[in-house]
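Q: Just dropping this structure here.
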Amino acid sequence: MLVLIMGFASIITAAGALASGAVQAAAQRQQSAAYRDAADNQWKLANRTAEAITNTALENQRRSERNARMQLAEARADAAAGNLLQEGSVIRREQDLATRLEDEITNSTNAALQEANDTRLQGWYDRRSLLQQAGTARSNSRVSLLSGAVGALGALAPGARSEQ
């Protein structure tokens, strides 16, 4: 009778160990799926943000170029009104203004495009990190299942020896 009770207790302990491992494994699989979803969402958000930054930069560039043309036209009109068009200093001043405006536009656009690239790159790094965490959770899920199975076998082994 004692052997029967010990065998029954071993079976209950084994079932508990197996159930515990299965519950932990399921939770870790869910965590892995959540990490993967977060990684995908992070990547999509980073790309949408970068695309918005790029579109804004290009629109700002178009506006700046339009404004630069207006400033150059105003400078020419001022020079014409003063009968200064034939002087070399007016031409030089106009070239300097054009160069300065072009540099400002280029620098501003490049800075915005670099920000867009940085955003994409950071999104990629964040995604990789989350996918690594998902892989870790998935591995831990397998370990929990194996641990539960080993615990169940360990619980049954002493009962099997006592019944001999």
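Q: For segment 96-140, count all C-alpha to C-alpha pairs, find those more than 11 Å apart, and express that count as a whole percent of the total.
A: On the way: 703 of 990 pairs.
Considering segment 96-140, 71 percent of its Cα-Cα pairs are separated by more than 11 Å.
Q: Show me the three semi-axes of the equivalent ellipsoid for segment 30-131, from the C-alpha gyration tensor (sqrt of 5 times each eigenvalue), largest first, rounded to whole Å. Present the calculation step by step, with values, prior to reporting the outcome.
A: On the way: eigenvalues 484, 23, 4 Å².
Ellipsoid half-lengths, sorted descending, are 49, 11, 4 Å.
Q: Follow-up question, since we're still on this one. Probe radius 1.4 Å, ligands and nucleic acids ignored: give me the carbon and sulfur share of the accessible area of segment 87-145 as a rounded percent. Each step should come with its number before you reach the end.
A: Numbers: 1920 of 3950 Å².
Carbon-and-sulfur percentage of accessible area, whole number: 48.
The values are calculated or read from the model by the stated rules, or taken from the named source; none is laboratory data. It should be emphasised that the depicted structure is a prediction, and the values quoted were computed from it without experimental measurement. Side chains are part of the model used for accessible areas, which takes the heavy atoms of the whole protein and leaves out ligands, DNA and RNA. Shrake-Rupley method; radii C 1.70, N 1.55, O 1.52, S 1.80 Å.
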